[in-house]
1. Does region 5-25 hold any residues that are under 18 Å from residue 105 (Cα atoms) and either out of contact with any strand residue (DSSP E or B) (no Cβ under 7 Å at 6 or more places or on another chain) or of a type in the set (Lys, Arg) (or both), and which are they?
2. For region 80-156, which fully contained strands (runs of 3 or more DSSP E) count at least 1 residues that are within 24 Å of residue 11 (Cβ to Cβ)?
3. If you check 15, 78, which single one turns out to be touching a residue at least 60 places away in the same chain (Cβ under 8 Å) and among the acidic types (Asp, Glu)?
4. Being open to solvent by less than 30 Å² (accessible area, probe 1.4 Å) and of a type in the set (A, V, I, L, M, F, W, C) is the filter here, so list the residues in region 113-158 that pass it.
5. Just need a number here: residues in region 36-68 that are modelled with pLDDT of 95 or more and on the phi > 0 side of the Ramachandran plot.
6. I'd like to verify a number: residues in region 42-76 that are part of a helix (DSSP H, G or I) and crowded, with 21+ Cβ neighbours inside 10 Å, how many?
7. Residues being free of Cβ contacts under 8 Å to residues at least 40 places away in the same chain and either among the charged types (D, E, K, R) or under 19 Å from residue 79 (Cβ atoms) (or both): count how many of those fall in region 18-34.
8. If residue 30 meets every condition in (1) touching a Ser or Thr at 6+ places or on another chain (Cβ under 6 Å); (2) closer than 21 Å to residue 101 by Cα; (3) assigned to a loop (DSSP other than H, G, I, E, B) apart from one, which number is that one?
Amino acid sequence: MLDEELEYDILEYFEDEYQEYWRNEISRSDWEGAHRLHNLLEENKFKTLCGENSKLFMMCDGETLMSYSMYAETHSDELAQNEYSPWVGFVYTSPSYRNKGCAEFMIQQACEEAKNNGNNEIYVLTDLAGFYEKMGFEPVKEVVTLQGKAKKILKKLL
């Protein structure tokens with residue numbers, strides 16, 4: 001549950017006029033996946049690899065990037081076979097906003113986008129144990145990514 005004391009706006013990266021600023025903020029994240037996301041955005045490959053209707057939601061307090069998540073049609077940046085769709089991914093929360101419900105809220109943004117696009121389910125590719133399961137995601141299968149990492153695909157009914 002999102003901390004009621006938080007002040008924030010939800011922005012969509014591709015609809016925002018300050019994309020360069022947000023890319024730089026993403027690059028400062030203390031997470032390996034953020035650097036991959038930054039490169040996809042910097043090289044203008046995000047929509048090519050994740051689908052034209054894919055979105056990057058950002059929770060912001062003014063110029064502070066609190067949390068973000070992706071809604072994607074495909075997961076071509078990590079999977080050779082893409083039999084599932086759509087996806088939630090690139091879920092991250094800045095250290096000072098952790099344990100306040102931000103990540104769960106941002107995952108819900110992706111779930112709502114999936115639902116609005118007529119989907120009954122959404123998938124996540126993760127190596128985290130238990131985090132997504134607490135939000136109703138269930139195991140589908142284990143895979144090895146294009147980067148050679150063992151991860152699991154989870155699904156949530158919407």
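The values are calculated or read from the model by the stated rules, or taken from the named source; none is laboratory data. Everything numeric here is computed off the predicted structure, so don't read it as measured data. Quick reminder, even Gly has a Cβ in these numbers, built from the backbone with ideal geometry, and neighbours come from all protein chains shown. Quick note on the areas: whole protein, heavy atoms, side chains included, nothing else; ligands and nucleic acids left out. Shrake-Rupley method; radii C 1.70, N 1.55, O 1.52, S 1.80 Å.
1. Passing the criteria: 5, 6.
2. Values: elements: 87-93, 121-126, 138-144.
Output list reads 87-93, 121-126.
3. 78
4. Those that are open to solvent by less than 30 Å² (accessible area, probe 1.4 Å) and of a type in the set (A, V, I, L, M, F, W, C): 114, 122, 124, 125, 137, 143, 153, 154.
5. Counting residues in region 36-68 that are modelled with pLDDT of 95 or more and on the phi > 0 side of the Ramachandran plot gives 2.
6. Total satisfying the criteria: 2.
7. Residues of region 18-34 that are free of Cβ contacts under 8 Å to residues at least 40 places away in the same chain, as a first pass: 18-20, 23-24, 27-28, 32.
Next, only the ones that are either among the charged types (D, E, K, R) or under 19 Å from residue 79 (Cβ atoms) (or both) stay: 20, 23, 28, 32.
Matching residues across region 18-34 total 4.
8. Just one mismatch for residue 30, condition (1).
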